[in-house]
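Below: the structure, in structure tokens.
The values are calculated or read from the model by the stated rules, or taken from the named source; none is laboratory data. In this text the structure is predicted, and so the values were computed from the model without any measurement. Counting neighbours? That spans all protein chains shown, and the Cβs are built from the backbone with ideal geometry, glycine included. For the accessible areas, the whole protein counts, side chains as well, though only heavy atoms, and no ligand, DNA or RNA atoms are used. Shrake-Rupley method; radii C 1.70, N 1.55, O 1.52, S 1.80 Å.
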Amino acid sequence: MIYQPGKKSRINSVGIPFVELRDERLYVGNSSIKNHDSAPPLRTARHKVSGPGAFCGREPMPYLALNIDMGKRAVLIVGGGKVAARKLQTLREAGAVVRVVAPAVLPAIREQEASGAVTIRSGGYETADLDGVTLVVAATDDPAVNRRVALEAVEKGILVSVADQPEAGDCHFPAVLRRGGLEIAVSTGGRCPALAAEVRDAIAGMIGNDYADLVEQLAADREKLLTEGNGTTYNKALLRTKARCLIAELSAPKDIS
Ligand SMILES: C[C@@]1(CC(=O)O)c2cc3[nH]c(cc4nc(cc5[nH]c(cc(n2)[C@H]1CCC(=O)O)[C@@](C)(CC(=O)O)[C@@H]5CCC(=O)O)C(CC(=O)O)=C4CCC(=O)O)c(CCC(=O)O)c3CC(=O)O
Ligand SMILES: NC(=O)C1=CN([C@@H]2O[C@H](COP(=O)(O)OP(=O)(O)OC[C@H]3O[C@@H](n4cnc5c(N)ncnc54)[C@H](O)[C@@H]3O)[C@@H](O)[C@H]2O)C=CC1
């Protein structure tokens, strides 16, 4: 089916033609996806008045993009389901020491206990679970528990990311692309995570593994330059120019004859 502007067509609540929710199934073109969610299809928009993500004029107030070395930091994940497993993976990749607390934990999480980088306490969340952690991720399927975790963390000055009520916390996870030492993080500030993931995937098609070599090569050049003491202005001009040239080389069509 082709969308023809002006012709009568089925339009869903977000204005995508030929996508329709009917009898618990999502119809997209000729195929359909089962809707497993029991939640009502509509929810009220969040109208934030203060804090990151709040609106200042037309633009949402930006978050601070900051790369944190989590190697020496303890993190608590409250919940042991699918979302907790994804956040655990991300946190472990960043070297964090993670504690998980939940009455039921997925095998994918349980299996990681043997590595020593994850400890698991079976049971419901308790305030004492927050002791000594830098960051807490509230990812249970109980909104009241997630909210309690958020309130208690904020009170104690602990950073908190809340899976179902991001506005109750103060940070969130972006969609990330890694090419060796190059990291690209994409965020919509919680407004549409699926878009962040799609943008990341689109960038992945443009930024290949060659970029990992670029980082290595330029980092070695820079290391050498810093020992030569030519000054920041000189180093900046040289490294920016070389980076630009190498990127152009990667983008140029290859002669494979
Ligand atoms: C605020 C934030 C807090 C946080 O950090 O968790 C948050 C919140 C929520 N996500 C929800 C749903 C979905 N999240 C994803 C996917 C991802 N979500 C991620 C981050 C974030 N999600 C943070 C904002 C990041 C930003 O905006 O840029 C990614 C990028 C990174 C990661 O998770 O590591 C990861 C990409 C994974 C990858 O790498 O591919 C998909 C799509 C998919 O799975 O493909 C869906 C289904 C479609 C949809 O609903 O949008 C819901 C509703 C839950 C419900 O329906 O009950 C909430 C709660 C709410 O919005 O209230
Ligand atoms: N931020 C994001 O990227 C996304 C967030 N969500 C939201 O994340 C939440 C979790 O989703 P899933 O992982 O799919 O759920 P799930 O049902 O797979 O797991 C829920 C987990 O919470 C645990 N739990 C329940 N009560 C608890 C308590 N008192 N203390 C500690 N743990 C407790 C359960 O034992 C279970 O391990 C939901 O609210 C969902 O709406 C869903 C999709 C994406």
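Out of contact with any Phe, Trp or Tyr (no Cβ under 6 Å at 6 or more places or on another chain), open to solvent by 40 Å² or more (accessible area, probe 1.4 Å) and either part of a loop (DSSP other than H, G, I, E, B) or free of Cβ contacts under 8 Å to residues at least 24 places away in the same chain (or both), is that true of Arg121? The answer is yes for Arg121. Note on the range 149-163: among residues that are open to solvent by less than 60 Å² (accessible area, probe 1.4 Å) and part of a loop (DSSP other than H, G, I, E, B), the one that is farthest from ligand 2 (Cβ to nearest atom) is Ile158. Among the residues here, Gly181 qualifies as touching a residue at least 24 places away in the same chain (Cβ under 8 Å), away from ligand 2 (no atom under 11 Å from the Cβ), open to solvent by less than 60 Å² (accessible area, probe 1.4 Å) and not basic (Lys, Arg).
When Gly169 is tested against (1) touching a helix residue (DSSP H, G or I) at 6+ places or on another chain (Cβ under 6 Å); (2) exposed (fewer than 13 other Cβ atoms within 10 Å of the Cβ), just one condition goes unmet, and that condition is (2).
Hey, does the range 199-210 have a residue that's in a helix (DSSP H, G or I) and over 22 Å from Gly180 (Cα atoms)? For the range 199-210, residues in a helix (DSSP H, G or I) and over 22 Å from Gly180 (Cα atoms): absent.
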